[in-house]
Amino acid sequence: MLDFFTSNIVLLVIIAVIGYLLGSVNSAVLITRAVMKNADIRTMGSGNAGFTNVLRSVGKGPAIFTITFDFIKGVLSAVAGSILVSSFVTAPNELLLSEYARYGAYIGGLFCILGHMFPVYFGFKGGKGVVTSAALMAVVDLRVFVLILVTFAVAFLFTKIISLCSLICAVLFPVYTYYFAYVFDYMGSLNTENPISMDYVMITTAFAIAIGLLVIIMHRKNIGRLIRGEEKKITSKKKSS
């Protein structure tokens, strides 16, 4: 399985570059500049160039555009990686090719997340990669994506703290990935003609661990505020009579 990565290094680098450059197009920065006369979202609120800070500092409309664009660029990066691998890599069977294509999607999505966090167009100071990570999940494993959404929704219902919900999902992303890859994909294929290898389980889980760790590291200031009880909740504002 590792031969796939060593034999297709040029293609994988191209996928990584495409993902990184797409991820570097930071919608929070661009949208805030457009609606607030060149204001920089990174000097406002928490200083993060992402959906939550746009929601708090700029408004709901710009925040909706931000989350939509960040999700789309994550999907595009992952899909591009999958398509390029499917188009230029050969495999003994369709099942193995689909595994390779998923690795391509992971690489494209991972580097899109890195681009979002460290955008080359904006001084390498970007967001925390939560939405782009969710977009990657939607492409590589819809089951994991749905379970992450449910987890986020339940956590938000009880806490109303987006950063805490994001951290919980970052921790559970590799857990969910391993569970579905091992129990359903690997174990479920053992009696078939072309069973999925354990390498697939470990590689997909490794990607999920890497992405989860990146998101956690980018939330280190939030973790400090959570420990001190200073992290802000998202609450609906009631109009005074």
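The values are calculated or read from the model by the stated rules, or taken from the named source; none is laboratory data. As the structure is a prediction and not an experimental result, all values here were calculated from the model. Positions of Cβ are backbone-derived with ideal geometry, glycine not excepted, and every protein chain shown enters the neighbour counts.
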Give region 43-58 a look and list any residue that's within 11 Å of K125 (Cα to Cα) and aliphatic (A, V, I, L, M), or say none. A49
A101 versus (1) of a type outside the set (D, E); (2) farther than 30 Å from P195 by Cα; (3) free of Cβ contacts under 8 Å to residues at least 24 places away in the same chain: which is the lone unmet condition? (2)
Identity of the residue in region 1-33, surrounded by fewer than 14 Cβ atoms within 10 Å (Cβ to Cβ) and not β-branched (V, I, T), that ends up farthest from Y106 (Cα to Cα): R33
Against the conditions (1) touching a residue at least 40 places away in the same chain (Cβ under 8 Å); (2) under 25 Å from V54 (Cβ atoms); (3) more than 11 Å from the chain's Cα centre (by Cα), where does C112 fall short? Just the number, please. (3)
Tell me, which residue of region 66-120 that is among the aromatic types (F, W, Y) and surrounded by 22 or more Cβ atoms within 10 Å (Cβ to Cβ) is farthest from R33 (Cα to Cα)? Y103
Just a yes or no: is a residue in region 173-188 outside any helix (DSSP H, G or I), surrounded by 14 or more Cβ atoms within 10 Å (Cβ to Cβ) and not β-branched (V, I, T)? no
Of all the helices (runs of 4 or more DSSP H) wholly in region 33-131, which have at least 1 residues that are of a type outside the set (S, T, Y) and closer than 30 Å to Y186 by Cα? 60-88, 94-117
Do you know which residues across region 157-169 are without any contact (Cβ under 8 Å) to a residue 24 or more places away in the chain, surrounded by fewer than 21 Cβ atoms within 10 Å (Cβ to Cβ) and closer than 19 Å to R56 by Cα? L157
Out of I211, I216, I196, report the one residue that is β-branched (V, I, T), in contact with a Leu (Cβ under 9 Å, 6 or more places away or on another chain), at pLDDT below 95 and surrounded by 16 or more Cβ atoms within 10 Å (Cβ to Cβ). I196
Candidates V13, V35 - the one that is of a type outside the set (S, T, Y), over 25 Å from L142 (Cα atoms) and at pLDDT 95 or above: V13
Restricting to region 223-241, name every residue that is modelled with pLDDT of 85 or more and assigned to a loop (DSSP other than H, G, I, E, B). G229, E230, E231, K232, K233
